[in-house]
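**Q** Mind having a look at this structure? Questions to follow.
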Amino acid sequence: MSLISIFKSSIGKKLLMALSGIFLVVFLTQHFLINITSVFSEEIFNFLSHFMGNNPIVQFILQPILIFGVIFHFVMGFYLEIINRKSRGANYTRYAGGDNAPWISRNMIFSGGVVLLFLILHFYDFWVPEMNYKYIEFLPEDPNRYYEELIHKFESPIRTLIYSVSFIFLALHLLHGFSSSFKTIGVDSKYYKPIKSLTFIFSILIPFGFIFIAVFHNLMH
Amino acid sequence: MKLNLKIWRQKNSESKGGFENYVIDNITPDMSFLEMMDVLNQKLIYENIDPISFDHDCREGICGSCSLFINGRAHGPDKGITTCQLHMRKFKDGDSIVIEPFRAKSFPIIKDLVVDRSAFDRIQHSGGYISINTSGNTQDANTTPIRKEDADNAFDAATCIGCGACVATCKNASAMLYVSAKVSQFSYLPQGKVEAKERVLNMVKQMDDEGFGNCTNTGACEVECPKGISIKNIARMNREFYKAKI
Ligand code: HEM
Ligand code: SF4
Ligand code: FES
């Protein structure tokens with residue numbers, strides 16, 4: 001009873017935002033670890049992609065949870081943004097937000113919004129053809145098709161550029177979001193230093209790793 | 001110094017309000033910002049114009065009455081001070097200064113630059129106390145040993161003067177810094193532990209009912225807070241809140 005009532009409060013809503021954000025961070029890490037194999041081994045990449053694409057637990061349990069998590073995170077993000085803007089009431093004529101808080105922390109809705117636009121493109125690029133392949137046209141499964149599909153996508157320099165720019169915004173989103181989520185969860189301030197370092201490493205390594213993968217395939221094929 | 005002032009004027013809470021421009025001369029660098037406002041008001045009185053209402057009381061940075069959003073910053077262009085501690089040497093001859101009231105849905109404007117911060121009082125009433133009888137029969141302070149670190153943290157939190165700069169500057173108009181200071185001030189100490197649970201639940205509930213926004217950890221509040229209340233109190237309050245709920 002009182003556990004549910006947590007989420008009625010402002011702190012509880014922020015907790016949901018933080019938990020869904022951390023969930024997405026975990027997913028992102030997993031996604032990255034699979035994709036990076038495409039740089040050095042076609043076989044491993046095909047093997048892992050085939051597994052992820054055909055394992056019933058991944059397909060029918062983890063994938064719906066992921067989709068729910070993504071939708072929940074950005075819907076909640078927009079909802080809280082609206083409430084927060086209303087809490088201001090009339091806007092300031094002059095507001096020097098940059099004097100006391102970094103840009104990234106004040107523009108999460110913007111960096112998140114760019115990531116959302118990217119996700120729509122990404123769904124259209126990979127998920128829609130995948131669903132079409134498996135469940136609409138019922139094509140026979142070919143465990144070696146994934147690598148070909150991937151490099152085919154990154155033949156286009158425009159797509160590679162769009163992906164790269166989006167990942168820069170993801171980096172900006174995470175540079176604030178990653179450490180912020182720990183504060184929301186209530187982690188003691190004595191851990192802020194390691195959290196800050198971890199935030200920096202993660203937010204640079206993962207998004208720029210994704211950019212590396214996209215650019216690598218664009219240049220190599 | 002000669003200054004161009006653009007000041008928010010509003011007759012009462014219902015009226016719409018808008019900016020008025022004023023030019024003021026002979027301001028010296030050692031005047032405080034509020035003294036500059038006094039000079040302007042004196043001038044307006046001589047001109048038979050309604051003087052500008054603004055909050056102030058102690059004029060030494062301890063009461064938290066003075067507010068004002070000056071050139072886009074709560075308490076003006078400096079860190080860790082109240083408006084009464086802001087001096088005109090922070091400005092240059094010929095500067096334009098925009099002066100607005102603190103803006104938050106939960107701080108409605110009463111007149112001109114005066115806002116109603118009684119939402120803070122209601123939050124305080126909902127739990128910012130201990131029910132130990134302290135009248136006449138106070139014990140020696142050292143009978144209950146308290147860790148130095150906890151005593152320091154409690155004292156730091158207790159220095160909050162309830163000025164509302166944290167709300168005014170927060171992009172979400174969140175009151176989390178204020179409320180977390182008021183919660184931590186007690187919960188660090190054994191005397192505050194007794195009612196710790198209800199305190200955090202009631203104060204957060206009152207904060208939400210008043211319509212303050214949700215904290216997104218931008219950190220703007222602790223930069224503008226005249227008393228240097230640390231944002232670590234917010235994570236601490238979150239923790240207390242979850243514990244109280246579970
Ligand atoms: C893979 C994609 C994403 C990841 C990994 C991610 C991660 C995170 C994390 C860790 C947080 C911190 C939560 C907290 O402050 O407690 C966060 C906050 C937030 N995210 Fe995302 N996010 C992603 C996509 C999005 C999208 C698509 C939006 C859409 C608008 C969005 C909007 C927001 C907003 C508004 C916040 C709250 C800002 C704040 O609390 O400072 N995010 N995100
Ligand atoms: S926390 Fe700081 S800024 Fe907020 S009300 Fe207290 S003294 Fe003012
Ligand atoms: S008038 Fe008391 S703090 Fe400024």
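Here's the yes/no breakdown for (1) crowded, with 20+ Cβ neighbours inside 10 Å; (2) in contact (Cβ under 8 Å) with a residue 60 or more places away in the chain; (3) outside any helix (DSSP H, G or I); (4) within 14 Å of ligand 2 (Cβ to nearest atom):
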| site | (1), (2), (3), (4) |
| --- | --- |
| B:Val23 | no, no, yes, no |
| B:Asn26 | no, no, yes, no |
| B:Pro29 | no, yes, yes, no |
| B:Met36 | yes, no, no, no |
| B:Gly64 | yes, yes, yes, yes |
| B:Pro77 | no, no, yes, no |
| B:Arg89 | no, yes, no, no |
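**Q** Could you identify the single residue in B:Thr216, B:Thr144, B:Thr159, B:Thr134 that is free of Cβ contacts under 8 Å to residues at least 40 places away in the same chain and either open to solvent by 10 Å² or more (accessible area, probe 1.4 Å) or of a type outside the set (Lys, Arg) (or both)?
**A** Numbers: B:Thr216 fails: free of Cβ contacts under 8 Å to residues at least 40 places away in the same chain; B:Thr144 fails: free of Cβ contacts under 8 Å to residues at least 40 places away in the same chain; B:Thr159 fails: free of Cβ contacts under 8 Å to residues at least 40 places away in the same chain.
Testing whether each residue is free of Cβ contacts under 8 Å to residues at least 40 places away in the same chain and either open to solvent by 10 Å² or more (accessible area, probe 1.4 Å) or of a type outside the set (Lys, Arg) (or both) leaves just B:Thr134.
**Q** Oh, and also: What is the residue count in the range A:146-185 for residues that are away from ligand 1 (no atom under 16 Å from the Cβ), part of a helix (DSSP H, G or I) and open to solvent by less than 50 Å² (accessible area, probe 1.4 Å)?
**A** Of the range A:146-185, the ones away from ligand 1 (no atom under 16 Å from the Cβ) are A:146-161.
Still in the running and part of a helix (DSSP H, G or I): A:146-153, A:157-161.
This time we only want the ones that are open to solvent by less than 50 Å² (accessible area, probe 1.4 Å), so: A:146-147, A:150-151, A:153, A:160.
The total comes to 6.
**Q** Something else now. Restricting to the range B:102-114, name every residue that is crowded, with 24+ Cβ neighbours inside 10 Å and out of contact with any Gly (no Cβ under 9 Å at 6 or more places or on another chain).
**A** B:Leu113
**Q** How many of the residues making up the range A:31-71 are surrounded by fewer than 16 Cβ atoms within 10 Å (Cβ to Cβ) and under 29 Å from B:Asn238 (Cα atoms)?
**A** Final tally of qualifying residues: 4.
**Q** Wholly within the range B:149-219, which helices (runs of 4 or more DSSP H) include no fewer than the required count, namely at least 1 residues that are at pLDDT 95 or above? Don't jump to the end; show me each part of the working.
**A** Numbers: elements: B:165-169, B:176-187, B:190-193, B:196-210.
It comes to B:165-169, B:176-187, B:196-210.
**Q** For the range B:222-238, indicate whether the set of residues that are surrounded by 24 or more Cβ atoms within 10 Å (Cβ to Cβ), within 16 Å of ligand 1 (Cβ to nearest atom) and part of a loop (DSSP other than H, G, I, E, B) is non-empty.
**A** The answer is no; no qualifying residue exists.
**Q** Test each condition in (1) open to solvent by 10 Å² or more (accessible area, probe 1.4 Å); (2) within 16 Å of ligand 2 (Cβ to nearest atom); (3) closer than 25 Å to B:Ala173 by Cβ for B:Glu60 and report the one that comes out false.
**A** For B:Glu60, the exception is condition (3).
**Q** For the structure I just gave you, tell me whether B:Tyr178 is among the aromatic types (Phe, Trp, Tyr), within 8 Å of ligand 2 (Cβ to nearest atom) and over 21 Å from A:Ile82 (Cβ atoms). Show your work before the answer.
**A** Working: among the aromatic types (Phe, Trp, Tyr): yes; within 8 Å of ligand 2 (Cβ to nearest atom): yes; over 21 Å from A:Ile82 (Cβ atoms): yes.
For B:Tyr178, the condition - among the aromatic types (Phe, Trp, Tyr), within 8 Å of ligand 2 (Cβ to nearest atom) and over 21 Å from A:Ile82 (Cβ atoms) - is met.
**Q** Separate question: Between a first residue in the range A:73-87 that is within 7 Å of another protein chain (Cβ to nearest Cβ) and a second residue that is in a helix (DSSP H, G or I), which pairs have beta carbons less than 7 Å apart while being 6 or more apart in sequence or on different chains?
**A** Within 7 Å, the pairs are A:Leu80/A:Lys13; A:Leu80/A:Met17.
**Q** Another question, then. A:Pro143 versus (1) in contact with a Pro (Cβ under 7 Å, 6 or more places away or on another chain); (2) open to solvent by 50 Å² or more (accessible area, probe 1.4 Å): which is the lone unmet condition?
**A** In the conditions (1) in contact with a Pro (Cβ under 7 Å, 6 or more places away or on another chain); (2) open to solvent by 50 Å² or more (accessible area, probe 1.4 Å), A:Pro143 misses (1) alone.
The values are calculated or read from the model by the stated rules, or taken from the named source; none is laboratory data. These figures come from a predicted structure and were not determined experimentally. Neighbour counts run over all protein chains shown; Cβ positions are idealised from the backbone, glycine included. Surface areas here come from the heavy atoms of the whole protein model, side chains and all, with no ligands, DNA or RNA. Shrake-Rupley method; radii C 1.70, N 1.55, O 1.52, S 1.80 Å.
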